[in-house]
Amino acid sequence: YSVSNASGVYVSDLITFSEHLKAMVGLRYARESLSIVDLKLAGVPRQAATNHDWLPMGGIVFEPSSHLSLYASYSTSFVPVAPSNIDVTGLYSFTPTTANSVEFGAKADLLDHHLTFTAARFDIKKQNVIDTFSCPLGTCSEQVGAEESKGEEFEINAQPIPNWQIAAGYSHLDARVTKSDIAAQVNAVLTNAPANNAHLWT
């Protein structure tokens, strides 16, 4: 039986420097507390964990014209490990998974809103990543290291004539394990992470 409590406070501001330049900055404080009691086995001590972190974020947008926007952003995240996870000793001994993300991109709105185009490059780094494996207790978890997902994505939305819409896109992703206690996992491609992905809807 687990009880988790999450609380946080944040502040953010949108700053307009000029007609063509805007920025947003923000800061969030997050606190997570967790209590776990085993109702199936007698004598198992109650477990408790409390974690907290400061999460900054920011972004800037440059609009050289009313049809084009160039942007860059940075964000962070903080995700506690689910209480259902246990280590090889049967205990909850994990710290939250944290991440930071950097993204650059462009957005264009052309032909009187009949054609929009977006392009972006991103880089997401995660730390304290959880790995699960079979153990005498059933399924156990371990925080083995770090992951990185980086790549590019493009999308076009068009309306060439009334009542006909087209959406098409493509993304390239390089998602790998960058740090692990298991040497064979380092530089391994992440499970279910497609290197290339394309879509077309009309």
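The values are calculated or read from the model by the stated rules, or taken from the named source; none is laboratory data. As the structure is a prediction and not an experimental result, all values here were calculated from the model. Methodologically, a virtual Cβ is constructed for each residue, glycine included, from the backbone with ideal geometry; neighbour enumeration extends over all protein chains shown. Protein only, heavy atoms only, side chains kept; ligands, DNA and RNA dropped before computing areas. Shrake-Rupley method; radii C 1.70, N 1.55, O 1.52, S 1.80 Å.
When the listed pairs Lys22/Lys107; Lys126/Lys179; Lys22/Lys125 are checked against a 19 Å cut-off, the alpha-carbon distance exceeds it for Lys22/Lys125. Over the chain, with every protein chain in place, what whole percent of the accessible area is carbon and sulfur at 1.4 Å, could you tell me? That fraction is 59 percent.
The range 162-196 and the range 46-60 have Cα centres spaced 26 Å apart.
For the range 91-134, the Cα gyration tensor yields ellipsoid semi-axes of 41, 11, 8 Å (square root of five times each eigenvalue, largest first, whole Å). Placing +1 on each Lys and Arg Cβ and -1 on each Asp and Glu Cβ, with no other charges, gives the range 12-55 a dipole about its Cα centre of roughly 220 debye. With a 1.4 Å probe rolled over the protein heavy atoms of all chains, the accessible area of Cys140, Cys135 falls in the order Cys135, Cys140, largest first. Counting only the heavy atoms of the protein chains, how much of His113 is accessible to a 1.4 Å probe, in Å² to the nearest 10? Ignoring ligands and nucleic acids, His113 comes out at about 130 Å². Using the 1.4 Å probe convention, the accessible area of the chain works out to 65 Å² per residue with neighbouring protein chains retained.
Rounded to whole Å, the principal axis extents of the Cα atoms in the range 21-113 read 69, 25, 19, largest first. Residues whose amide H falls under 5 Å from that of Ser93, counting only those 5 or more places apart or on a different chain, are Asp87, with hydrogens built in the peptide plane. Remark: relative contact order (the chain) = 12 percent; criterion is Cα-Cα distance under 8 angstrom and separation of 6 or more residues.
With a Förster radius of 22 Å applied to the C-beta separation of Ala183 and Phe133, the computed FRET efficiency comes to 0.90.
Applying the Kirkwood pairwise sum to the alpha-carbon positions of the range 26-76 produces a hydrodynamic radius of 15.2 angstrom. Dimensions of the chain along the principal axes, based on C-alpha atoms and rounded to the nearest Å, stand at 70, 37, 35, largest first.
Summing +1 for each Lys or Arg and -1 for each Asp or Glu among the other residues whose beta-carbon sits under 15 angstrom from that of Asp123 gives -1.
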